[in-house]
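Trainee: Before I ask anything, let me first share the structure, which is written out below as structure tokens.
Every number here is computed from the coordinates shown, using simple stated rules; none is lab data. Bear in mind that the values here come from a model prediction, so they are computed numbers and not experimental data. Using ideal geometry, Cβ is built from the backbone for each residue, glycine included, and neighbour counts are taken over all protein chains shown.
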Amino acid sequence: MDWDKLRVFHAVAEAGSFTHAGENLNLSQSAVSRQISALEESVKVPLFHRHARGLILTEQGELLYRTAHDVFAKLSMAEARIRESKERPSGPLKVTTTVAFGSTWLTPRINEFLERYPEIELSLVLNDEELDLAMREADVAIRMQPPRQADLVQRQLMTLRYHVFASPEYIKQHGMPKTPEELKDHRLIIYGADARPPVSNVNWMMATAQQFKPDMRPILKLNNIYGIFRATESGLGISALPDYLLPTNSNLVRILPELEGPSFDAYFVYPEELRHSKRIAVFRDFLIEEISKVKAKAAAAASASASATTEK
């Protein structure tokens, strides 16, 4: 089978139209269409159903697409391993993680990583759905739950815990709860049921308040932790947030320090085939270094707070 035609077929199947595939391949629509027609003639079966709104793969087209997709994924993996023969880490590195973690914790630290390794072409894919690492939808994932896919290497990065937060504006207008019972008199922002929750008992704060007021209702439900963080920053209400969502420039105030929510682990995950990748190794080491800095700052702050209390 002609390699160029197969490459064009794969691009068309991915894009769903001759026009978009041509844009991705830097070819004209007519050139793409001719390649597909020639491929269909050579295999003697139609590969696409043509209709006004685009293209749909036929049964035979689906079979060829799945095979071609596997071939291109393996070639991409082989290309990545060949690049690793160079002494200095270089080349593309696609990292995926959740919207919340990527937006608030990871992205502000990327500048230092790229200054250290300018030859790495880093891309971040922020998505609360898990991408398929085996199919090279990404090279590395930072996940807030153990991976469900097989043949993946995983390393536990850090343990995180939920705490209760409010903005200074909210506290000024509505007061600060002094006990867990007082949560029943406040506006609570919770996680909605329209997406996979980051932990099983993500709405533990609401459950605490409902112990004292069973018919209590939240002021807002959101299906995204980053959205809850932003709503809390705006002064809308009180929420339970994981530690990593509190960057140094956030003005949120931790309240009810005795009230702690569930803990969960963050994992560094990548395919077994990339175990010896230098790009992945230096990115992993960078993350571990940054996590150590965060822990050191937290320990210093706790020590300073304890000293202040002792002096009083």
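Trainee: In whole angstrom, how long is each semi-axis of the equivalent ellipsoid of segment 151-255, when you take the square root of 5 times every eigenvalue of its Cα gyration tensor and sort them from largest down? Working shown, then result.
Mentor: Values: eigenvalues 118, 58, 31 Å².
In descending order, the three semi-axes are 24, 17, 13 Å.
Trainee: Here is a further query. With n ≥ 4 as the cut-off for DSSP H runs, can you work out [θ] at 222 nm for the chain, using -39500 (n - 2.57) per run divided by the number of residues, rounded to the nearest 500? Walk me through the numbers before you get to the answer.
Mentor: On the way: 9 runs with 125 residues, N = 312.
Mean residue ellipticity at 222 nm (helix-derived): -13000 deg cm²/dmol.
Trainee: What aspartates and glutamates could a cross-link reach from residue 178, if we take a straight Cα to Cα line under 15 Å and drop same-chain neighbours fewer than 8 places away?
Mentor: Straight-distance partners of residue 178: 258, 260.
Trainee: What fraction, in whole percent, of alpha-carbon pairs in the chain exceed 34 Å separation? Don't skip to the answer; put the middle values down first.
Mentor: Values: 20419 of 48516 pairs.
Tail fraction, whole percent: 42.
Trainee: Additional query: Using 5 Å bins from zero, what percent of all Cα-Cα pairs in segment 17-59 falls into each bin?
Mentor: Spelled out per bin, shortest first, that is 5, 24, 26, 29, 14, 2.
Trainee: Also, I was wondering about something else. How high is the relative contact order of segment 1-144? Use alpha-carbon pairs under 8 Å, at least six apart in sequence, and give a whole percent. Write down the numbers at each step before the final one.
Mentor: Values: 151 pairs, mean separation 26.8, N = 144.
Value for segment 1-144: 19 percent.
Trainee: What is the sum of charges around residue 210, taking Lys and Arg as +1, Asp and Glu as -1, for the other residues whose C-beta is under 14 Å from the C-beta of residue 210? If you can, show how the numbers build up before the last one.
Mentor: Values: positive: 184, 213, 217; negative: 181, 182, 185, 215.
Counting the neighbours of residue 210, the net charge comes to -1.
Trainee: Based on the alpha-carbon gyration tensor of segment 109-164 and its eigenvalue square roots a ≥ b ≥ c, which shape applies: rounded if a/c is under 1.5, prolate if not and a/b is larger than b/c, or oblate?
Mentor: Numbers: a/c = 1.95, a/b = 1.16, b/c = 1.68.
Oblate, since a/c reaches 1.5 and b/c is not below a/b.
Trainee: Using the eigenvalues of the Cα gyration tensor, what equivalent ellipsoid semi-axes result for segment 1-155 when each is taken as the square root of five times the eigenvalue, whole Å, largest first? Each step should come with its number before you reach the end.
Mentor: Working: eigenvalues 239, 63, 52 Å².
In descending order, the three semi-axes are 35, 18, 16 Å.
Trainee: If you don't mind, there's one more thing I want to ask. Pairs 184/295; 74/293; 221/297; 5/74; 184/297: which exceed 29 Å Cα-Cα? Display every interim value, and only then the final one.
Mentor: On the way: 184/295 33 Å; 74/293 37 Å; 221/297 33 Å; 5/74 18 Å; 184/297 33 Å.
From the list (184/295; 74/293; 221/297; 5/74; 184/297), the Cα-Cα distance tops 29 Å for 184/295; 74/293; 221/297; 184/297.
Trainee: Can you tell me which of 41, 273, 181 moves the most in a GNM of the chain? Springs connect C-alpha atoms under 10 Å apart.
Mentor: Of 41, 273, 181, the most mobile in the Gaussian network model is 41.
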